[in-house]
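Everything below concerns the one structure shown next.
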Amino acid sequence: MAQRAAKPLQLYSHPLSFACQIVRLCLVEKGLTWRQSNVDIGPGLEAFDPWFASLNPAMEVPVLRDGERVVAGTESICRYLDGAFDGPLLDHRGEARLWIDLIERLPVTLLTAARFPRLAWHHLRRQFHRLEDRAAANPGLADRYNTKAVEVDRLARDLSSADRIAAVERQLEVMLDRAEAALAHRPFLTGERFTLADVFWAVLLARLTLLGHGHLWEGGRRPGLAAYWARLRARPSLAEAGVRSRIAPFDIAWIGLRSRWSGFFRLIVALALAAVGVLLWQASA
(Lines give C-alpha, C1' and ligand atoms only; values in the text may rest on other atoms or scores of the structure.)
Protein backbone atom coordinates (compact mmCIF):
# COMPACT_ATOMS: atom_id res chain seq x y z
CA MET A 1 0.00 0.00 0.00
CA ALA A 2 1.30 3.45 -0.85
CA GLN A 3 2.35 5.58 2.08
CA ARG A 4 3.88 8.95 2.82
CA ALA A 5 7.68 8.85 3.22
CA ALA A 6 8.53 8.75 6.93
CA LYS A 7 11.62 10.86 6.34
CA PRO A 8 12.95 12.81 3.37
CA LEU A 9 14.21 10.79 0.47
CA GLN A 10 17.83 11.22 -0.63
CA LEU A 11 18.36 12.13 -4.27
CA TYR A 12 21.80 12.10 -5.87
CA SER A 13 21.38 14.57 -8.67
CA HIS A 14 22.77 17.34 -10.84
CA PRO A 15 20.84 20.54 -11.64
CA LEU A 16 21.35 20.42 -15.41
CA SER A 17 20.93 16.67 -15.93
CA PHE A 18 18.03 15.77 -18.22
CA ALA A 19 17.27 12.58 -16.30
CA CYS A 20 17.49 14.30 -12.91
CA GLN A 21 15.02 16.96 -14.00
CA ILE A 22 12.51 14.21 -14.79
CA VAL A 23 12.87 12.67 -11.34
CA ARG A 24 12.70 16.03 -9.57
CA LEU A 25 9.53 16.89 -11.50
CA CYS A 26 8.05 13.55 -10.50
CA LEU A 27 8.90 14.26 -6.84
CA VAL A 28 7.26 17.69 -7.01
CA GLU A 29 4.14 16.41 -8.76
CA LYS A 30 3.82 13.69 -6.11
CA GLY A 31 4.17 16.29 -3.35
CA LEU A 32 7.15 14.52 -1.78
CA THR A 33 10.06 16.05 0.11
CA TRP A 34 13.66 15.08 -0.48
CA ARG A 35 17.23 15.97 0.31
CA GLN A 36 19.46 16.55 -2.68
CA SER A 37 23.14 15.65 -2.90
CA ASN A 38 24.67 17.17 -6.01
CA VAL A 39 27.10 14.89 -7.82
CA ASP A 40 29.63 16.61 -10.08
CA ILE A 41 29.13 15.16 -13.57
CA GLY A 42 31.00 18.11 -15.08
CA PRO A 43 34.70 18.97 -14.77
CA GLY A 44 35.24 17.07 -11.50
CA LEU A 45 33.74 13.80 -12.81
CA GLU A 46 32.65 12.83 -9.30
CA ALA A 47 30.25 10.25 -10.73
CA PHE A 48 33.32 8.12 -11.54
CA ASP A 49 34.57 8.08 -7.94
CA PRO A 50 34.60 4.63 -6.32
CA TRP A 51 31.93 5.56 -3.76
CA PHE A 52 29.45 6.46 -6.51
CA ALA A 53 30.48 3.56 -8.79
CA SER A 54 29.68 1.27 -5.86
CA LEU A 55 26.31 2.98 -5.33
CA ASN A 56 25.33 2.84 -9.01
CA PRO A 57 27.37 0.67 -11.40
CA ALA A 58 26.09 2.75 -14.34
CA MET A 59 27.84 5.78 -12.78
CA GLU A 60 24.92 8.00 -13.72
CA VAL A 61 22.60 10.31 -11.86
CA PRO A 62 19.89 10.26 -10.67
CA VAL A 63 20.01 7.75 -7.83
CA LEU A 64 17.35 7.64 -5.12
CA ARG A 65 17.93 6.34 -1.61
CA ASP A 66 14.91 5.51 0.53
CA GLY A 67 16.32 4.28 3.82
CA GLU A 68 18.36 1.21 2.92
CA ARG A 69 16.79 0.91 -0.51
CA VAL A 70 18.68 2.32 -3.50
CA VAL A 71 16.90 2.84 -6.83
CA ALA A 72 18.77 3.87 -9.98
CA GLY A 73 17.51 4.71 -13.46
CA THR A 74 15.07 7.45 -14.35
CA GLU A 75 12.04 5.33 -15.16
CA SER A 76 12.68 2.91 -12.28
CA ILE A 77 12.84 5.78 -9.79
CA CYS A 78 9.66 7.40 -11.10
CA ARG A 79 7.75 4.13 -11.07
CA TYR A 80 8.92 3.49 -7.52
CA LEU A 81 7.86 6.95 -6.36
CA ASP A 82 4.48 6.63 -8.03
CA GLY A 83 3.74 3.23 -6.54
CA ALA A 84 5.30 3.46 -3.08
CA PHE A 85 4.05 6.81 -1.80
CA ASP A 86 0.89 8.81 -1.33
CA GLY A 87 0.13 11.77 -3.54
CA PRO A 88 -1.46 12.09 -6.97
CA LEU A 89 -1.28 8.87 -8.95
CA LEU A 90 0.78 9.82 -11.99
CA ASP A 91 0.20 6.44 -13.64
CA HIS A 92 3.07 4.85 -15.54
CA ARG A 93 1.09 1.97 -17.07
CA GLY A 94 -0.77 1.35 -20.31
CA GLU A 95 -0.52 4.11 -22.89
CA ALA A 96 1.56 6.26 -20.53
CA ARG A 97 4.25 3.59 -20.58
CA LEU A 98 4.39 3.71 -24.38
CA TRP A 99 5.05 7.47 -24.36
CA ILE A 100 7.73 7.03 -21.70
CA ASP A 101 9.38 4.27 -23.71
CA LEU A 102 9.69 6.59 -26.70
CA ILE A 103 11.81 8.96 -24.64
CA GLU A 104 13.78 6.16 -22.99
CA ARG A 105 14.81 5.00 -26.49
CA LEU A 106 15.75 8.50 -27.65
CA PRO A 107 19.48 9.27 -27.13
CA VAL A 108 18.95 12.68 -25.54
CA THR A 109 22.58 12.77 -24.42
CA LEU A 110 23.68 12.58 -28.06
CA LEU A 111 21.18 15.27 -29.10
CA THR A 112 22.54 17.52 -26.36
CA ALA A 113 26.17 16.81 -27.21
CA ALA A 114 25.50 17.47 -30.91
CA ARG A 115 24.51 21.03 -30.04
CA PHE A 116 28.04 21.69 -28.70
CA PRO A 117 30.12 19.01 -30.48
CA ARG A 118 33.66 20.23 -29.82
CA LEU A 119 33.06 20.92 -26.14
CA ALA A 120 31.23 17.59 -25.75
CA TRP A 121 33.93 15.63 -27.58
CA HIS A 122 36.70 16.95 -25.33
CA HIS A 123 34.62 16.21 -22.24
CA LEU A 124 34.04 12.64 -23.45
CA ARG A 125 37.78 12.16 -24.00
CA ARG A 126 38.40 13.35 -20.42
CA GLN A 127 35.78 10.89 -19.20
CA PHE A 128 37.40 8.03 -21.10
CA HIS A 129 40.86 8.69 -19.67
CA ARG A 130 39.50 9.16 -16.15
CA LEU A 131 37.74 5.80 -16.41
CA GLU A 132 40.96 4.14 -17.51
CA ASP A 133 42.75 5.63 -14.50
CA ARG A 134 39.98 4.59 -12.13
CA ALA A 135 40.01 1.02 -13.47
CA ALA A 136 43.75 0.74 -12.88
CA ALA A 137 43.51 2.17 -9.36
CA ASN A 138 40.44 0.13 -8.32
CA PRO A 139 40.78 -3.48 -9.53
CA GLY A 140 37.62 -4.53 -7.69
CA LEU A 141 35.59 -2.09 -9.78
CA ALA A 142 37.57 -2.48 -13.01
CA ASP A 143 34.78 -4.29 -14.84
CA ARG A 144 32.36 -1.46 -14.11
CA TYR A 145 34.85 1.17 -15.20
CA ASN A 146 35.74 -0.69 -18.40
CA THR A 147 32.07 -1.15 -19.29
CA LYS A 148 31.47 2.55 -18.78
CA ALA A 149 34.53 3.41 -20.87
CA VAL A 150 33.11 1.41 -23.80
CA GLU A 151 29.84 3.34 -23.47
CA VAL A 152 31.63 6.70 -23.42
CA ASP A 153 33.74 5.74 -26.44
CA ARG A 154 30.59 4.71 -28.34
CA LEU A 155 28.98 8.07 -27.61
CA ALA A 156 32.11 9.88 -28.84
CA ARG A 157 32.01 7.90 -32.08
CA ASP A 158 28.30 8.61 -32.52
CA LEU A 159 29.00 12.29 -31.99
CA SER A 160 31.51 12.18 -34.84
CA SER A 161 29.01 10.50 -37.20
CA ALA A 162 26.78 12.83 -39.20
CA ASP A 163 24.70 9.82 -40.29
CA ARG A 164 24.08 8.75 -36.70
CA ILE A 165 23.01 12.24 -35.63
CA ALA A 166 20.74 12.57 -38.69
CA ALA A 167 19.10 9.24 -37.78
CA VAL A 168 18.43 10.45 -34.24
CA GLU A 169 16.93 13.67 -35.59
CA ARG A 170 14.60 11.62 -37.83
CA GLN A 171 13.66 9.51 -34.81
CA LEU A 172 12.78 12.70 -32.96
CA GLU A 173 10.63 13.98 -35.83
CA VAL A 174 8.63 10.72 -35.84
CA MET A 175 8.12 11.00 -32.07
CA LEU A 176 6.88 14.55 -32.35
CA ASP A 177 4.49 13.61 -35.16
CA ARG A 178 3.00 10.90 -32.94
CA ALA A 179 2.58 13.37 -30.10
CA GLU A 180 0.98 15.92 -32.44
CA ALA A 181 -1.58 13.35 -33.56
CA ALA A 182 -2.37 12.29 -29.98
CA LEU A 183 -2.76 15.88 -28.78
CA ALA A 184 -5.16 16.91 -31.54
CA HIS A 185 -8.22 16.45 -29.32
CA ARG A 186 -6.94 16.04 -25.75
CA PRO A 187 -4.92 18.19 -23.35
CA PHE A 188 -2.40 15.55 -22.27
CA LEU A 189 -0.75 12.61 -23.98
CA THR A 190 -3.09 9.94 -22.62
CA GLY A 191 -6.25 12.01 -22.20
CA GLU A 192 -7.65 14.49 -19.73
CA ARG A 193 -5.27 13.72 -16.88
CA PHE A 194 -1.61 14.59 -16.34
CA THR A 195 0.40 11.36 -16.04
CA LEU A 196 4.00 10.26 -15.72
CA ALA A 197 4.18 10.36 -19.51
CA ASP A 198 3.66 14.12 -19.34
CA VAL A 199 6.43 14.40 -16.73
CA PHE A 200 8.89 12.86 -19.19
CA TRP A 201 7.62 14.88 -22.14
CA ALA A 202 7.66 18.17 -20.23
CA VAL A 203 11.38 17.75 -19.61
CA LEU A 204 11.99 16.60 -23.18
CA LEU A 205 10.29 19.68 -24.64
CA ALA A 206 12.19 21.89 -22.21
CA ARG A 207 15.47 20.32 -23.32
CA LEU A 208 14.58 20.68 -27.00
CA THR A 209 13.74 24.34 -26.39
CA LEU A 210 17.09 24.82 -24.66
CA LEU A 211 18.87 23.24 -27.62
CA GLY A 212 17.17 25.61 -30.04
CA HIS A 213 14.74 23.05 -31.47
CA GLY A 214 11.54 24.93 -30.62
CA HIS A 215 11.04 25.49 -34.34
CA LEU A 216 9.97 21.85 -34.54
CA TRP A 217 6.55 22.85 -33.23
CA GLU A 218 6.44 26.64 -33.46
CA GLY A 219 5.09 28.76 -36.31
CA GLY A 220 2.12 26.48 -36.91
CA ARG A 221 4.29 23.46 -37.69
CA ARG A 222 2.81 21.31 -34.89
CA PRO A 223 0.10 23.44 -33.24
CA GLY A 224 -1.15 20.69 -30.93
CA LEU A 225 2.34 20.18 -29.54
CA ALA A 226 2.85 23.95 -29.20
CA ALA A 227 -0.36 24.27 -27.17
CA TYR A 228 0.64 21.27 -25.07
CA TRP A 229 4.05 22.79 -24.30
CA ALA A 230 2.33 26.03 -23.29
CA ARG A 231 0.11 24.11 -20.85
CA LEU A 232 3.07 22.26 -19.39
CA ARG A 233 5.15 25.42 -19.09
CA ALA A 234 2.37 27.03 -17.05
CA ARG A 235 2.56 24.35 -14.35
CA PRO A 236 4.35 25.74 -11.26
CA SER A 237 5.96 22.35 -10.71
CA LEU A 238 8.40 22.84 -13.59
CA ALA A 239 10.02 25.86 -11.98
CA GLU A 240 9.99 24.21 -8.56
CA ALA A 241 11.75 21.15 -9.96
CA GLY A 242 14.34 23.25 -11.77
CA VAL A 243 13.33 22.14 -15.26
CA ARG A 244 15.40 24.29 -17.62
CA SER A 245 14.28 25.43 -21.04
CA ARG A 246 17.05 28.05 -21.01
CA ILE A 247 20.54 28.01 -19.53
CA ALA A 248 21.45 31.07 -17.51
CA PRO A 249 25.07 32.19 -17.03
CA PHE A 250 24.68 31.33 -13.34
CA ASP A 251 24.00 27.69 -14.24
CA ILE A 252 27.23 27.38 -16.19
CA ALA A 253 29.28 29.24 -13.56
CA TRP A 254 27.84 26.89 -10.94
CA ILE A 255 29.48 23.94 -12.71
CA GLY A 256 32.90 25.50 -12.29
CA LEU A 257 32.34 26.77 -8.76
CA ARG A 258 30.95 23.44 -7.51
CA SER A 259 33.60 21.33 -9.21
CA ARG A 260 36.29 19.80 -7.03
CA TRP A 261 39.01 21.94 -8.52
CA SER A 262 40.08 24.60 -6.09
CA GLY A 263 41.68 27.97 -5.71
CA PHE A 264 42.55 30.33 -8.52
CA PHE A 265 42.16 27.67 -11.22
CA ARG A 266 38.58 26.97 -10.17
CA LEU A 267 37.81 30.70 -10.29
CA ILE A 268 39.23 30.98 -13.80
CA VAL A 269 37.21 27.96 -14.94
CA ALA A 270 34.04 29.42 -13.39
CA LEU A 271 34.57 32.75 -15.17
CA ALA A 272 35.22 31.00 -18.49
CA LEU A 273 32.11 28.88 -18.09
CA ALA A 274 30.09 31.96 -17.17
CA ALA A 275 31.19 33.54 -20.45
CA VAL A 276 30.01 30.42 -22.29
CA GLY A 277 26.78 30.68 -20.33
CA VAL A 278 26.17 34.20 -21.61
CA LEU A 279 26.53 32.95 -25.19
CA LEU A 280 24.14 30.05 -24.53
CA TRP A 281 21.64 32.39 -22.86
CA GLN A 282 21.70 34.64 -25.91
CA ALA A 283 21.40 31.66 -28.26
CA SER A 284 18.38 30.26 -26.40
CA ALA A 285 16.63 33.62 -26.07
| Of the residues in segment 148-178, how many are in contact (Cβ under 8 Å) with a residue 60 or more places away in the chain and either open to solvent by less than 20 Å² (accessible area, probe 1.4 Å) or closer than 27 Å to Met59 by Cα (or both)? | 5
| query | Of all the helices (runs of 4 or more DSSP H) wholly in segment 172-285, which have at least 1 residues that are over 28 Å from Leu90 (Cα atoms), of a type in the set (A, V, I, L, M) and modelled with pLDDT under 95? | reply | 249-258, 263-284
| remark: Across (1) over 17 Å from the mean Cα position of the chain (by Cα); (2) crowded, with 19+ Cβ neighbours inside 10 Å, Pro236 clears everything bar (2)
| field | Evaluation of Ala227 against (1) open to solvent by less than 10 Å² (accessible area, probe 1.4 Å); (2) more than 24 Å from Ala120 (Cβ to Cβ) (one fails), failing number | value | (1)
| task | Could you tell me which of the residues Ala113, Ala135 is at pLDDT 95 or above and within 18 Å of Phe52 (Cβ to Cβ)? | result | Ala135
| Residues in segment 4-23: is at least one aromatic (Phe, Trp, Tyr), open to solvent by 20 Å² or more (accessible area, probe 1.4 Å) and free of Cβ contacts under 8 Å to residues at least 24 places away in the same chain? | no
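Residue by residue, here is whether (1) within 16 Å of the chain's Cα centre (by Cα); (2) not small (Gly, Ala, Ser) holds:
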| site | (1), (2) |
| --- | --- |
| Leu64 | yes, yes |
| Tyr80 | no, yes |
| Ala96 | no, no |
| Arg105 | yes, yes |
| remark: Counting only residues in segment 36-72 that are closer than 22 Å to His123 by Cβ and of a type in the set (D, E, K, R), the one modelled with the lowest pLDDT is identified as Asp40
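The values are calculated or read from the model by the stated rules, or taken from the named source; none is laboratory data. Small disclaimer: the values here were computed from a predicted structure and weren't measured. Methodologically, a virtual Cβ is constructed for each residue, glycine included, from the backbone with ideal geometry; neighbour enumeration extends over all protein chains shown. The area values use the complete protein model at the heavy-atom level, side chains included, leaving out ligands, DNA and RNA. Shrake-Rupley method; radii C 1.70, N 1.55, O 1.52, S 1.80 Å.
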